[in-house]
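Colleague: Below you will find the structure I want to go over with you.
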Amino acid sequence: MKIIKNGNLKDRVSDFYIQTFSMLFFPDDNIFGKNNSSENYIEVFVNGINREHDNKTKLTTDNNINIDILVKICYNKLTEQSSRLYSLAIDNYNDEENFKKDLIVEIGKAFYTAASTLTQTKPPWGIHTGIRPAKTAEKAFNDAEGDKSGAIKILTEKYLMDEKKAITALDVYINAKNVIAGNDAPSVYNKKKETSLYISIPFCPTKCRYCSFVSYSTPKLLKLIPEYMRILLKEIENIGVIISEKEYILKTIYIGGGTPTTLDCDMLNMLLEKIERSFDMNNVIEYTIEAGRPDTIDKAKLELFNRYKVNRISINPQTLNDEILINIGRCHSSDDFFAAYKTARDIGIKNINTDCIVGLFGENKLSMIETVQKLIEIEPENITVHTLCIKKSASIKTDNANDDVIYKPYSPEVNYALEEIYELLRQNGYLPYYMYKQKYAVGNLENTGFSKKNRECMYNIYMMDELQTIYGAGAGATTKILYPDGRIERIINPKYPYEYIEKYIGLRN
């Protein structure tokens, strides 16, 4: 697909944003310039015109400039176009950052109109393409001076969001804000310097067919674990020194993956012991381990967690449809999930999250909803609802030549299931408190965390809302340093375990 830009403001239009909008509607032709023989194209004309007065081009007394936008799309020999004309204050026009934000919204509206007419689809998130919809909801809420209905109007009219999406995004922002206030959480100016720690264990017993995370599951690659752990433990120790020297206060710890419980009891004990010795644990309010796969959980590991005061775990069925579990490569049944969950409760784990995925291949709307209904019956504190997301490395993609089976940019059935699931959760006392979106998610849909009141995952809020410095240890982990002025510096570890080992091999001594 080609991008053609014209007009005297064409240099202020980012190709990246046009590509992002295009993927909402045309995911099968997003190579942009790599295939010059393609007959498909997107033409964007953007022109700034000063109003005319006395037959001379000059600024009018109200100091505005007109912006003329035309978006024309040709796709599979069908053509559609849409135009917009809007007026912008000269001060905003001269402010490069704000101008680009305004411009992309207006181009997005024109693109959405043309593309939705051409494809007869209307993605429910409208022109919103960012990964954090609640951030946009926050801005709308502030622009509406705290009026919820006014914020929803902004989200639906400016960003063309479906009203239910706008309401959920706004609820996520408001609920997280209330949680933060109730827990006396840090602001960017808090002198206490509160911080969190994320530890990556990128290994799994097997790899799910939909998985796009950095995780190693073959016997050969699992042999990396001892060397990986030696280096990881040293990195954790080094982070402990940094946090101590900076006089930071550690508030939450999150051990994720992969599946951390792929490690055996001895390895887990080494990890938890190193954490305890490296940090002042007196102020830690939340200590999470993603147990994840029910087939990696046993009584001994859960008792170990209790001994080290881990107070939150995830046990993730993804679906409670056994046939689908087999299809996606999970090595457990729904009965295995319920058994692992019961063991965790019997051991005394009082805060459990359960993940489910909507849009798994082979499922329908009814079976998606039934999974959540069964989860509600056992009353976990958190239920996180993910939308299936398939990326290049997933085996289901490489094994299947027909991508349409895997990814659909518009999926009403999955969206309807999501909306019914959200309503079901709300009716049973679960509130949305964090949300994010990913590329290649079915229907361009979202992932949303729900929890019972006062049982929200604080790490998720700190991380998603970028409220504090978070240190990352392990392959693929990111350290995000938050400065008092709101600036964020990211330090990213090597993505793959073997790269991580190679780069940091000196840390093992």
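Quick note: the coordinates plus some simple rules give every number you see, no bench work behind them. The model shown is predicted, which means the values in this text are computed figures rather than measured ones. So basically every Cβ, Gly included, is an ideal-geometry build from the backbone, and we count neighbours across all protein chains shown.
Colleague: If you fit an axis through the alpha-carbon atoms of helix 334-347 and take the longest principal axis of the Cα set of the chain, what angle between them do you get, 0 to 90°, nearest 10?
Modeller: Relative to the chain, helix 334-347 is tipped by roughly 60 degrees.
Colleague: In degrees from 0 to 90, rounded to the nearest 10, what is the angle of the helix 133-143 Cα long axis to the longest principal axis of the chain?
Modeller: Rounded to the nearest ten degrees, it is 60.
Colleague: At most 13 other Cβ atoms within 10 Å and a DSSP loop assignment: could you name the chymotrypsin sites (Phe, Trp or Tyr not before Pro) in region 217-284 that fit?
Modeller: Sparse-neighbourhood loop chymotrypsin sites (Phe, Trp or Tyr not before Pro): none present.
Colleague: Taking the dipole about the Cα centre of the chain, with the C-beta of Lys and Arg at +1 and of Asp and Glu at -1, give me whichever of I18, G472, T252 is farthest to the positive side.
Modeller: The Cα lying farthest towards the positive end belongs to G472.
Colleague: Can you pull out the trypsin sites (Lys or Arg not before Pro) in region 229-323 that DSSP calls coil and that have at most 11 other Cβ atoms within 10 Å?
Modeller: The qualifying sites are K246, K309.
Colleague: Continuing with the same structure: Quick one: putting +1 on the C-beta of Lys and Arg, -1 on the C-beta of Asp and Glu, what dipole do you get for the chain around its Cα centre, in Debye to the nearest 20?
Modeller: The dipole of the chain has a size of about 740 debye.
Colleague: Additional query: Only four residue types carry charge here, +1 at the Cβ of Lys and Arg and -1 at the Cβ of Asp and Glu. Report the dipole size of region 122-171 about the Cα centre in Debye, rounded to the nearest 20.
Modeller: Roughly 220 debye for region 122-171.
Colleague: What longest region of the chain stays clear of GluC sites (Glu not before Pro) that DSSP places outside H, G, I, E and B and that have at most 12 other Cβ atoms within 10 Å?
Modeller: 248-509
Colleague: A further question on this structure: For the pairs K177/K437; K309/K495; K158/K437; K301/K374; K207/K234, flag any whose C-alpha to C-alpha distance is greater than 21 Å.
Modeller: The pairs that break the limit, which is 21 Å between Cα atoms, are K309/K495; K301/K374; K207/K234.
Colleague: So, counting K/R as plus one and D/E as minus one, what does the shell of residues with Cβ under 15 Å around C457 add up to?
Modeller: Charge balance in the 15 Å sphere: 0.
Colleague: Continuing with the same structure: Taking the 0 to 90 degree range and rounding to the nearest ten, how far is the long axis of helix 148-157 tilted relative to the main principal axis of the chain, both from C-alpha atoms?
Modeller: 60
Colleague: Return a whole-number percent for the relative contact order of the chain, with Cα pairs under 8 Å and 6 or more residues apart as the contact set.
Modeller: 14
Colleague: A further question on this structure: Beyond 19 Å, what share of the Cα-Cα pairs of region 311-392 remains, rounded to the nearest whole percent?
Modeller: 35
Colleague: Hey, what do the phi angles of region 280-286 turn into as Karplus ³J(HN,Hα) couplings, whole Hz, using 6.51/-1.76/1.60 and θ = phi - 60°, x for Gly and Pro?
Modeller: Ordered by residue, 3J(HN,Hα) equals 7, 8, 5, 9, 6, 9, 8 Hz.
Colleague: Taking Cβ-Cβ under 4.7 Å as the only way to count a partner, pick out the unpartnered cysteines of the chain.
Modeller: C74, C204, C265, C331, C356, C389, C457
Colleague: When volume of the Cα convex hull per residue in Å³ is calculated directly from the model, which label among [x] 286; [y] 224; [z] 170 fits?
Modeller: [z]
Colleague: Between K164 and I378, how high is the FRET efficiency from 1/(1 + (r/R0)^6) when r is the Cβ-Cβ distance and R₀ = 25 Å? Nearest 0.05.
Modeller: 0.40
Colleague: Just want the answer: with Cβ charges of +1 for Lys and Arg and -1 for Asp and Glu, which residue in Y496, A137, Y198 is farthest toward the dipole's positive end in the chain?
Modeller: Y496
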